[in-house]
Amino acid sequence: MHLAAHFPGVNSTTVWSDPRSGSQIDFTSFEHLARTAERGKFDFFFLAEGLRLREYDGRVHDLDVVGRPESLTVLNALAAVTDRLGLAATVNATFNEPYELARRFATLDHLSGGRAAWNVVTSSDAFTGENFRRGGFLDRADRYTRAAEFVSTARELWDSWAPDGVPRPFAHHGRHFDVCGEFTVPRSPQGHPVVIQAGDSDEGREFAAGAADVVFTRHGTLEAGRAFWADVKGRLAKYGRDSDDLKIMPGVTVVVADTDAEAQQDAAEIRRLQVSPQNAILALEQVWGRDLSSYDPDGPFPSVDPEPESGFVQGRVRVADPFAVAAKWRALSEEKGLSIRETVIETTTRQSFVGSPQTVAAGLTAFVDGKAADGFILVPHLTPGGLDAFVDRVVPLLQERGAFRSEYTGSTLREHLGLAEPVWKG
């Protein structure tokens, strides 16, 4: 089993009203979570990215008001206070250039002794593009073709230094990039930093099968996880890859308490705090694309339909078919007699493992043994102490079961994940 820690910064999972919550931008917060993950022998620490503060009806969203630091800068600092933990940064392949980004990741891989990872994401929305004077310069259909060429170009750059330390001239002439010259950073300890792909679309799955080492997913049930596993792993052969060449790691939340009943009670309270009355209406507005602030979050659903081309909420990816989602939520509300807030709680809950340490350990192991996951990216609801209980109480049980390492056996992230170093293609 592989484990990673997602830093809970700007998202609706984080409960900022909890008195134990700290800062999402002070370095001490990143350091605490990273040190906890390393104490638990986790594979890597994972940072998301925000290239523009989200807006809500023309105002910055409440969860974004304190801002987001740049991921690679944070991870370079964490490299100095950790020894074995992998360091994964989410960086957009739409609004960057291969040469500069390959240089920054190769540098992190050197500074950390081979612990760098790049979570490749894409974007086509003009709202984010305005920060780069590009607007919506890339058609949605081209996002992954550009990303695939971006990663391929970065790999060519990383291979432009021979393993014996001799640089070679580099030239790439493609549809999206035309780059030549010499790369400034020697081949890094991992050869190539680990590549992660986040996303569940068909294009994303194909991109992952061809180019990624790890997939960051979200699937709510064992059956859904098995179906995703079979689909994505089944695509590897046409790229000349084996099942072990790609690790599937869904993002999950965990609530641990002394007993199952206590943990269930805690989990219900956490969900009530995560989906406050205000957040329930916001979740609805992200689907409907219109101002619904006059509706009672503890009342019934609005009778009006979604606005398909709305820009009311900006900076969040809207659902592909808001009418279908609205119909599904209405039907669930009517079937179970749920209010707006109760429906949002039920439909937006991330895959969770809730219970005593024994129950949580058994649940995680069942997913891995059942070929629904190779491991998990844990998304705690507290910053920065949200992993403490898991590391202190669940990890020892996983180790006793032989499901998770008791000590690091390698020094690089590729060694933690059981991934071979890429063959040099100079």
Exercise for review: Quick one: accessible surface of residue 111, probe radius 1.4 Å, all protein chains present, in square angstrom to the nearest 10.
Suggested key: 110 Å²
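By DSSP, what percent of the beta bridges with both residues in the chain are antiparallel, rounded to the nearest 5? Each step should come with its number before you reach the end.
Numbers: 10 of 44 bridges.
That works out to approximately 25 percent antiparallel.
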Point to revise | Residue among 227, 48, 211 with the largest mean-square fluctuation in a Gaussian network model of the chain, springs linking Cα atoms under 10 Å | key: 227
Study note, to complete from the structure: Out of 97, 407, 49, a Gaussian network model of the chain with alpha-carbon springs under 10 Å gives the largest mean-square fluctuation to 407
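Report the relative contact order of the chain, percent, no decimals, based on alpha-carbon pairs under 8 angstrom and at least 6 residues apart. Before the final figure, lay out each step's value.
Numbers: 800 pairs, mean separation 101.7, N = 426.
Result for the chain is 24 percent.
Under the 0.36 nm per residue contour assumption, what length would be gained going from the current alpha-carbon distance of residue 11 and residue 408 to full extension? Write out the running numbers ahead of the final one.
Working: separation 397, 0.36 × 397 = 142.92 nm, distance 3.08 nm.
Gain in length upon complete extension: 139.8 nm.
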Point to revise | Max mean-square fluctuation residue, GNM over the chain, Cα-Cα springs under 10 Å, options 191, 410, 210 | key: 410
Exercise for review: Run the quick spin-label model on residue 26 and residue 294: label points 7 Å from Cα toward the beta carbon, then report their separation in nm to one decimal.
Suggested key: 4.4 nm
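Can you give me the orientation-averaged projected area of the convex hull built on the Cα atoms of the chain, in nm²? All intermediate terms of the calculation are to be shown ahead of the outcome.
Numbers: hull surface 81.5 nm².
Quarter of the Cα hull surface area: 20.4 nm².
Is there a quick way to get the dipole size of the stretch 135-209? I mean about its Cα centre, with the Cβ of Lys and Arg at +1 and of Asp and Glu at -1; what is the value in debye to the nearest 20?
Dipole magnitude for the stretch 135-209 comes out near 120 debye.
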Point to revise | Nearest-ten-degree value, helix 27-39 long axis tilted from longest Cα axis of the chain | key: 80 degrees
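Calculate for the chain the 222 nm mean residue ellipticity that helices alone would give, adding -39,500 (n - 2.57) per DSSP H run of length 4 or more and normalising by residue count, nearest 500 deg cm²/dmol. Don't skip to the answer; put the middle values down first.
Numbers: 14 runs with 154 residues, N = 426.
Value at 222 nm, helices only, nearest 500: -11000 deg cm²/dmol.
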Revision key, fill the gap. Rounded to 0.05, the calculated FRET efficiency for the beta carbons of residue 130 and residue 327 at R₀ = 30 Å is 0.35
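For 400, 100, give the ranking by accessible area with the largest first, probe 1.4 Å.
Order by accessible area, largest first: 400, 100.
Where nothing but the Cβ of Lys and Arg (+1) and of Asp and Glu (-1) is charged, how large is the charge dipole of the chain around its Cα centre, in debye to the nearest 20?
Values: 45 positive and 60 negative charges, 150 e Å.
Using Cβ point charges on Lys, Arg, Asp and Glu, the chain gives about 720 debye.
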Review point. If Lys and Arg each add +1 and Asp and Glu each add -1, what is the summed charge of the other residues whose beta carbon sits under 14 Å from the beta carbon of residue 328?
Key: -3
Check your understanding: How much area per residue is accessible in the chain when the probe is 1.4 Å and only protein heavy atoms are counted (Å²)?
Key -> 43 Å²
Practice item. Keeping all protein chains in position, work out how much accessible area residue 359 exposes to a 1.4 Å probe, and write it in Å² to the nearest 10. Key: 50 Å²
Check your understanding: For the charge dipole of the stretch 222-273, defined by +1 on Lys and Arg C-beta atoms and -1 on Asp and Glu C-beta atoms about the Cα centroid, which residue among 250, 268, 232 has the Cα displaced farthest towards the positive pole?
Key -> 232
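Using 0.36 nm times the number of residues separating residue 371 and residue 173, minus their current alpha carbon distance, what extension gain do you get? Before the final figure, lay out each step's value.
Details: separation 198, 0.36 × 198 = 71.28 nm, distance 4.01 nm.
Roughly 67.3 nm would be gained on extension.
Pairwise over distinct Cα atoms, reciprocal of the mean inverse distance: report the Kirkwood radius of the stretch 376-422 in Å, one decimal place. List each step's numbers first, then the result.
Numbers: mean 1/r = 0.0797 Å⁻¹.
Kirkwood radius, the stretch 376-422: 12.6 Å.
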Revision key, fill the gap. The rounded separation in angstrom of the Cα centers of the stretch 59-125 and the stretch 243-272 is 26 Å
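With the cut-off at 1.5 for a/c, could you classify the stretch 65-119 from its C-alpha gyration tensor as rounded, prolate or oblate? Working shown, then result.
On the way: a/c = 2.24, a/b = 1.19, b/c = 1.88.
It is oblate, given that a/c is not under 1.5 and a/b is not larger than b/c.
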Practice item. Could you tell me which trypsin sites (Lys or Arg not before Pro) in the stretch 139-205 are loop residues by DSSP with no more than 16 other beta carbons within 10 angstrom of their beta carbon? Key: 175
Exercise for review: Note down the accessible area of residue 121, probe 1.4 Å, to the nearest 10 Å².
Suggested key: 30 Å²
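Working with all protein chains in place, sort 345, 377 by solvent-accessible area computed with a 1.4 Å probe, largest first.
Numbers: 345 30, 377 0 Å².
The ranking, largest first, comes out as 345, 377.
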Point to revise | Heavy-atom SASA rank of 41, 247 (probe 1.4 Å, accessible area, largest first) | key: 41, 247
Check your understanding: In nanometres, what is the gap between the two model label sites at residue 111 and residue 392, each 7 Å from Cα along Cα-to-Cβ?
Key -> 3.2 nm
Revision key, fill the gap. The stretch 339-374 and the stretch 139-188 have their Cα centres apart by a whole-number Å value of 39 Å
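The values are calculated or read from the model by the stated rules, or taken from the named source; none is laboratory data. Every value quoted in this text rests on a predicted model; they were computed, and no experiment measured them. Using ideal geometry, Cβ is built from the backbone for each residue, glycine included, and neighbour counts are taken over all protein chains shown. Surface accessibility is based on the protein's heavy atoms, side chains included, excluding ligands, DNA and RNA. Shrake-Rupley method; radii C 1.70, N 1.55, O 1.52, S 1.80 Å.
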